[in-house]
Amino acid sequence: MGSLRQIVAMTAMGLRGIPLRLGASLVIVIAFAGAVTVLICVLALAGSFVKTVGRTGRSDRVIVLSRGAESETVSSLSRENVATILDTAASKHSRDSKLIGSAEVIASVRLADGRTGLDTVVTLRGVSGNPLDLRPEIHLVSGRMFKAGLREMIVGRAAQRRLAGLEVGSRVALPEGDWTIVGAFESGQDWHESELLADSASVLAAFQRNSFNAVTVSLDSTAAFDDFKAALSSNPTLSVDVARESDYLAVLSAPTTRLLKAVAYTIGLLMCLGAAFACINAMYSVVSARTIEIATLRAIGYSAAPVLISVITEAMLLALTGALIGVALSWYVFNGSSVSTVPEKVLSTINYTMTIDQALIGLGILCACAVGLIGGLFPGLRAARLPIAAALRKV
Amino acid sequence: MSYFWRDVNYLTLVWAGIWRKPPRTVFTLGCLSIAFLLFGLLQGVDSAFSQALLQQRLDVLFVDPRFQQPLPMAYATQIARIPGVAQLAPVAFLPGSYQDPKNSVFAIATWPDKWLAIRPEYLIPKAQLEAVGHLRTGVILTDWLARQNGWKVGDAVTLVQTPVLTRNGDTNWTFQVVGVMRDPDSTVPSSYMLANLEYYDQARVTGSGTVNRFLVRVDDARHATRISRQIDQLFTNSSVQTRTQSEHATIESAIAALGDISFFTRSIIAAAFFTLIVVTGNTMMESVRERTREIAILQALGFTPARVLALVLAESLALCLAGSIVGLALAARVFPFVRFYYVGDSPLPAIVIATGLGLSVGVALIIALIPGWRAMRLSIVNALSTR
């Protein structure tokens, strides 16, 4: 009981002294504000990309590519193969076959980036049937759906935000003449929001192609995958790879994810280490400024533990203050900002929104507390071990 | 002689000041090293991009299809007829891998002699260049690719997992290494091989008579824009339109497309450095404040205010330089392992090290400013009378 009172008294005394040692206290606050801002920013950069990819792929949708193809772009399926795949899907399915599969064509369009004015490659995805059937996450936010057989397309909001000349009603130049953008869609901030969608037959005609890139099929349930895969694999007329959409996208985005994570962890770790050093330094100076005060208290009967705890508490509180400023700063500056990158092997731009969510904020604060604890520990130990007589003789 | 001893004593004074509180010095050095390590790595990536860009030529044009269709080979004669076009080489890309699917190898099917005429920066023995003309399946490797896979002249190399079907019914392409080319000035690793377009075109099942790109060298870089426009105009009404850009502009777009790297790099460096200056500046101020009496004694002994300022400055310089040297040395050790698109395997650019050292001097000056000024203006009487 007595020691608890000592801890409270000691800590309160330390905290009341903060204004007197403004320099050292500010150093800790600023160091942590900087470290947490950077930490949250780099983690959000990587995390938002992973989330955007994760939101795109569903485990009950299947993508069929030609064997060995790493991505839709390099895959190629003939009309006969596509028909076989869709028929197989229909036979495994209880719903109308038209609703469940889409033979897709991937073409790319060069457009000017609204910010830099430089060329950016955007995916034009030709889909068969109504894209809303296969991908219910898509919903139009303005305009209308494209009509099959016409030179019309709809544009994702993420692409629209980033690139110039994609407003509803504007025209996009393609090989056989201009196409009209008739609508804009949102699809829950997923990958497809960076794309243009159109009718596959029109895209094939415009690019004078005769083969599709991939077939995406929606299954009755996640469990139906093995059955469907076995059916396609055993068909001697096909030479295809079958993968769940979520798995395909995870593999496709893996190199970029790895890179972004490596960068985030390296930079985040270094910033935390820097903050720890700054904190240790500042707390040493706090302890040395409080030498006489601590020695006096020890002389009148306070034990060593409250000294240690009060130093650590002070460090952690200052760290926490810095972390909160860092959280506010990173949220204010970076939350919702649009980032674009071209993942390796994908060749077209993916735009995503940097989101700073509760998990990241919690992580930032947790890191700051942990680093603050370490930063207070060593100076605290020194304070607790202070030779009382020697310290008091200085007076 | 006396000057010598005076200077030695002066340095001893600086040294003693630095190590007044060893833990403080160590942690300050740690902070500084981390800041300069971050600076070295991030600025290294940024500067490697700029270097990659600088190496791109303004007088080399890429004639690409406007909409990713195959380009008819027949375009070559039409383009070559435009005044100002000095050299032309059609190019077809054959991506594949060797043994391990992760070990990707990129083949460029072209007219090797013309290709090398457009890129004279590559050096190759004349006999090897002639050899590729005589052997249909011959290829020339970049030295980097040869080193990476341990290939040498005479080896047979089979690319697997290519997207192009051969007349043998599979997608495996076998070539004979006849030469190795080398660009002595390049810091960016380029890893590809040049194959004979005639052989490639006859051996593939689909797409014969088409290529992915024409490489054009113009006689004068100042005419590049005009010639680009002329090339594109030639094919405006053709089914396959072209889009011609200088190599420089193409790579610039590609780098910009990697994302907002520069923006984030600069933000992080700025945040790290701001934090650093505040932290180290405070340490310095404190270290001077602690020594108020000592400095007053020095002044009473005849130290001029300028020498006191120099003392503080020397301390701060020593700390910052030591921190930057440690940080930049670490960055230089780690940087070759950073593989980031156009960057990889290359040493940390010297300009980054130079900038880092310059920056550390700047940081030292800023840090020493306030404490040094205070020390200079110290009133000896007041300082000595307070305890």
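The values are calculated or read from the model by the stated rules, or taken from the named source; none is laboratory data. In this text, all values refer to a predicted model and were calculated from it rather than measured experimentally. For neighbour counting, all protein chains shown are included, and Cβ atoms are generated from backbone atoms with ideal geometry for every residue, glycine included.
Considered as a group, the residues in the range A:349-370 that are surrounded by fewer than 19 Cβ atoms within 10 Å (Cβ to Cβ) and not aliphatic (A, V, I, L, M) include one that is nearest to residue A:279 (Cα to Cα), and that residue is A:369. In the range B:169-201, of all residues being acidic (Asp, Glu) and assigned to a helix (DSSP H, G or I), the one that is surrounded by the most Cβ atoms within 10 Å (Cβ to Cβ) corresponds to B:201. Just one of the numbered conditions (1) over 23 Å from residue A:243 (Cα atoms); (2) in the same structural domain as residue A:274 (by TED's automatic domain parsing) is not true of residue A:50: (1).
One residue alone among A:140, A:166, A:150, A:196 is within 14 Å of chain B (Cβ to nearest Cβ) and among the aliphatic types (A, V, I, L, M), and that residue is A:196.
Residues in the range A:40-70 that are over 17 Å from residue A:346 (Cβ atoms), within 12 Å of another protein chain (Cβ to nearest Cβ), touching a Phe, Trp or Tyr at 6+ places or on another chain (Cβ under 9 Å) and not aliphatic (A, V, I, L, M): 1 in all. Answer yes or no as to whether residue B:251 is buried (at least 18 other Cβ atoms within 10 Å of the Cβ), among the aliphatic types (A, V, I, L, M) and under 30 Å from residue A:341 (Cβ atoms). Against the criterion (buried (at least 18 other Cβ atoms within 10 Å of the Cβ), among the aliphatic types (A, V, I, L, M) and under 30 Å from residue A:341 (Cβ atoms)), residue B:251 qualifies. Looking at residue A:276, is it small (Gly, Ala, Ser) and either surrounded by fewer than 20 Cβ atoms within 10 Å (Cβ to Cβ) or within 8 Å of chain B (Cβ to nearest Cβ) (or both)? Answer is no for this residue. Only one of the numbered conditions (1) assigned to a loop (DSSP other than H, G, I, E, B); (2) of a type in the set (S, T, N, Q); (3) within 12 Å of chain B (Cβ to nearest Cβ) is violated by residue A:73, and that is (1).
One residue stands out among those in the range A:306-360 that are part of a loop (DSSP other than H, G, I, E, B) and among the acidic types (Asp, Glu): the one that is farthest from residue A:26 (Cα to Cα), which is A:344. Checking each residue in the range B:66-86 for being surrounded by fewer than 16 Cβ atoms within 10 Å (Cβ to Cβ) and closer than 26 Å to residue B:185 by Cα picks out only B:86. Here residue A:119 passes the criteria (1) over 14 Å from residue A:348 (Cβ atoms); (2) free of Cβ contacts under 8 Å to residues at least 40 places away in the same chain; (3) surrounded by 15 or more Cβ atoms within 10 Å (Cβ to Cβ); (4) within 14 Å of chain B (Cβ to nearest Cβ) except the one numbered (1). For the residues B:147, B:217, B:226, the requirement of being away from chain A (no Cβ under 14 Å) and within 19 Å of residue B:105 (Cβ to Cβ) singles out B:147.
Table: residues versus (1) more than 14 Å from chain A (Cβ to nearest Cβ); (2) over 30 Å from residue B:185 (Cα atoms); (3) outside any helix (DSSP H, G or I).
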| position | (1), (2), (3) |
| --- | --- |
| B:35 | no, yes, no |
| B:38 | no, no, no |
| B:64 | no, no, yes |
| B:88 | yes, no, yes |
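Of the strands (runs of 3 or more DSSP E) lying entirely inside the range A:169-210, those containing at least 3 residues that are at pLDDT 90 or above span A:177-186, A:196-199.
Within the range B:66-83, the set of residues being within 14 Å of chain A (Cβ to nearest Cβ) and of a type in the set (Phe, Trp, Tyr) comprises just one member, B:67. Residue A:37 satisfies every condition listed in (1) more than 9 Å from chain B (Cβ to nearest Cβ); (2) assigned to a helix (DSSP H, G or I) except (1). Could you go through the range A:185-204 and let me know if any residue there is of a type in the set (A, V, I, L, M, F, W, C), over 14 Å from residue A:125 (Cβ atoms) and free of Cβ contacts under 8 Å to residues at least 60 places away in the same chain. No, because not a single residue in the range A:185-204 is of a type in the set (A, V, I, L, M, F, W, C), over 14 Å from residue A:125 (Cβ atoms) and free of Cβ contacts under 8 Å to residues at least 60 places away in the same chain. For the subset of the range A:96-116 comprising residues that are assigned to a strand (DSSP E or B) and under 17 Å from residue A:158 (Cβ atoms), which member is nearest to the other protein chains (Cβ to nearest Cβ)? Taking the candidates together, the pick is A:108. Of the numbered criteria (1) without any contact (Cβ under 8 Å) to a residue 40 or more places away in the chain; (2) over 23 Å from residue A:64 (Cβ atoms), the one residue A:132 fails is (2).
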